[in-house]
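In what follows, a structure is listed as structure tokens, so that the remarks can point back to it.
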Amino acid sequence: MSDRKLRILACCHRFDYSGAPLLLFRLLAALADRHEITVLGPKGETVEPGLLKEDIAAGIQIVDTVVTGEFDLLLANTLHGAKSIAQVAGKFPTVFWIHEPKEGPRFIEKGLISTEAFALSDAIIFPTRWQAEELYAPYLKGRTYDIVPYGIEPRSKPRAKPFELPDGATALLQLGWLSPRKGQHLTAAALDYLGDPNIHVFIAGSDAVDPRFADQLKARVSELENIASQVHFLGVLGPDEVDAYLAHVDALVFPTNDDLITVSILEAMARKTPVISSDFGPIPETVIDGETGLLFPVGDVKAFMDCIHRVAGDGALRKRLGDAGHAMFQKKHGFADHVSAMEAVFLRTFCEWKTAPPRN
């Protein structure tokens, strides 16, 4: 790795505990001992206390205005960074880190995101090849890109059990803001179909993204008397709280209709917690049905129910899936490999920009 020290400016459209900010801040914290890091956020955006604490400890400066001449590289986090790329293109090199699955092209089609950043950016990073080939090819127009899989730190710290359930109960966890995309309504429907009072699900996530859906979901659960006491809404949890649940639940459920191989999946695998997921997009590349987790067709509540039933009734299956999922996590999604690959793209982009005309 080069000894070159970069002055990196990263832009992020939100400072909450959702996947893209967590991935960005953890990456930058890992790079802060070798590079100067500044994060540009939206004016007035509230920073989650845990993120702010981590950033200050790592020596990362968070600002809402910058002077562009003070930096060597811009890292635009998510499609929302397209505007920043357009503003600094030609002044210093830019890297476009695209996280969005199918919602990304929908934003573009609605005119919410400009496509000019695809041509103006000096490098483009996707966490999965599926995105580049299946979703963004029309905007890439043949230009090269890098595939850098997500990675997180191993999870082994002892955690106190954050919940109490009757002996013999099965505990499930679902993570993600409450929305039709994340599929909390499918989880409630699956429990309703099962009719097993010993299966409980803890649902952690913000109501703020789709408050109408959140209100309707909670009202519907309260109406279903047979599962009302089995569904527990936790609100927003910090990373340590999430890890405590993952350390003690029997499985993570992930009935998404539009996601990647997310932080939630990787954190479960890092904890040897079995994953039950829909088979959306690139997820089967890491959650291999019957090997490293259980999969069901997107939106198929009865198949989802069957997966829950299998996991609830078979401790040996839970251990086998958890161990194999952990091995997959170590092989494909280690944090050190993720950081090294991202840093290599930054350094290469900077060096190439110094010797080639900018993209404008």
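The values are calculated or read from the model by the stated rules, or taken from the named source; none is laboratory data. Please read these numbers as outputs of a predicted model, since none were measured by experiment. Cβ placement follows ideal geometry from the backbone for every residue including glycine, while neighbour counts extend to all protein chains displayed. Side chains are part of the model used for accessible areas, which takes the heavy atoms of the whole protein and leaves out ligands, DNA and RNA. Shrake-Rupley method; radii C 1.70, N 1.55, O 1.52, S 1.80 Å.
Scan segment 130-164 for residues that are surrounded by 13 or more Cβ atoms within 10 Å (Cβ to Cβ), more than 17 Å from HIS99 (Cα to Cα) and among the hydrophobic types (A, V, I, L, M, F, W, C) and the total you get is 1. Being open to solvent by less than 30 Å² (accessible area, probe 1.4 Å), free of Cβ contacts under 8 Å to residues at least 40 places away in the same chain and not in a loop (DSSP other than H, G, I, E, B) is true of SER277.
Is it true that some residue in segment 260-272 is over 19 Å from LEU22 (Cβ atoms) and either aliphatic (A, V, I, L, M) or in a helix (DSSP H, G or I) (or both)? Within segment 260-272 (the criterion being over 19 Å from LEU22 (Cβ atoms) and either aliphatic (A, V, I, L, M) or in a helix (DSSP H, G or I) (or both)), the answer is no, since none of the residues qualifies.
Matching residues to (1) in contact with a helix residue (DSSP H, G or I) (Cβ under 8 Å, 6 or more places away or on another chain); (2) hydrophobic (A, V, I, L, M, F, W, C):
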{"position": "PRO284", "(1), (2)": "no, no"}
{"position": "VAL287", "(1), (2)": "yes, yes"}
{"position": "GLU291", "(1), (2)": "yes, no"}
{"position": "VAL301", "(1), (2)": "yes, yes"}
{"position": "ILE308", "(1), (2)": "yes, yes"}
{"position": "VAL311", "(1), (2)": "yes, yes"}
{"position": "ARG318", "(1), (2)": "yes, no"}
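Just wondering, is there one or more residues in segment 253-261 that are without any contact (Cβ under 8 Å) to a residue 24 or more places away in the chain and of a type in the set (Ser, Thr, Tyr)? If you could, list the steps in order and put the result at the bottom.
Of all residues in segment 253-261, those without any contact (Cβ under 8 Å) to a residue 24 or more places away in the chain come to none.
Scanning segment 253-261, I find no residue that is without any contact (Cβ under 8 Å) to a residue 24 or more places away in the chain and of a type in the set (Ser, Thr, Tyr), so the answer is no.
Being at pLDDT below 95 and open to solvent by 30 Å² or more (accessible area, probe 1.4 Å) narrows it down to one residue among GLY299, GLY313; which is it? Write out each step before concluding.
Working: GLY299 fails: at pLDDT below 95.
Just one listed residue meets the conditions, GLY313.
Would you call THR78 closer than 22 Å to ARG14 by Cβ, at pLDDT 95 or above and open to solvent by 10 Å² or more (accessible area, probe 1.4 Å)? Against the criterion (closer than 22 Å to ARG14 by Cβ, at pLDDT 95 or above and open to solvent by 10 Å² or more (accessible area, probe 1.4 Å)), THR78 does not qualify.
Only one entry of VAL209, VAL148 meets the criterion of being within 16 Å of the chain's Cα centre (by Cα) and at pLDDT below 95, and that entry is VAL209.
Scanning segment 249-264 for residues that are in contact with a Ser or Thr (Cβ under 7 Å, 6 or more places away or on another chain) and either open to solvent by less than 20 Å² (accessible area, probe 1.4 Å) or among the basic types (Lys, Arg) (or both) yields VAL249, ALA251, LEU252, VAL253, PHE254, PRO255, THR256, LEU260, ILE261.
Contact map, segment 100-121: residues that are over 13 Å from THR78 (Cβ atoms) paired with residues that are open to solvent by less than 60 Å² (accessible area, probe 1.4 Å) and among the acidic types (Asp, Glu), Cβ distance under 6 Å, separation 6+ or inter-chain. Pairs shown: LYS102/ASP258.
Checking the condition touching an Asp or Glu at 6+ places or on another chain (Cβ under 9 Å) and surrounded by fewer than 18 Cβ atoms within 10 Å (Cβ to Cβ), which residue from PRO197, PRO180 passes?
Numbers: PRO197 fails: touching an Asp or Glu at 6+ places or on another chain (Cβ under 9 Å).
Selected residue: PRO180, the only one of PRO197, PRO180 that is touching an Asp or Glu at 6+ places or on another chain (Cβ under 9 Å) and surrounded by fewer than 18 Cβ atoms within 10 Å (Cβ to Cβ).
Which residues, taken from segment 243-271, are farther than 14 Å from VAL311 by Cα, charged (D, E, K, R) and over 14 Å from the mean Cα position of the chain (by Cα)? Of everything in segment 243-271, those that are farther than 14 Å from VAL311 by Cα, charged (D, E, K, R) and over 14 Å from the mean Cα position of the chain (by Cα) turn out to be ASP243, ARG271. Across segment 27-48, the qualifying residues are those that are of a type in the set (Val, Ile, Thr) and either outside any loop (DSSP other than H, G, I, E, B) or buried (at least 17 other Cβ atoms within 10 Å of the Cβ) (or both), and the one among them that is modelled with the lowest pLDDT is VAL47. Would you pick out the residues in segment 317-331 that are closer than 17 Å to PRO284 by Cα and aliphatic (A, V, I, L, M)? Those that are closer than 17 Å to PRO284 by Cα and aliphatic (A, V, I, L, M): LEU321, ALA324, ALA327, MET328.
Yes or no: PRO138 assigned to a loop (DSSP other than H, G, I, E, B), more than 20 Å from the chain's Cα centre (by Cα) and not aromatic (Phe, Trp, Tyr)? Spell out how you get there, then give the answer.
Working: assigned to a loop (DSSP other than H, G, I, E, B): no; more than 20 Å from the chain's Cα centre (by Cα): yes; not aromatic (Phe, Trp, Tyr): yes.
The answer is no for PRO138.
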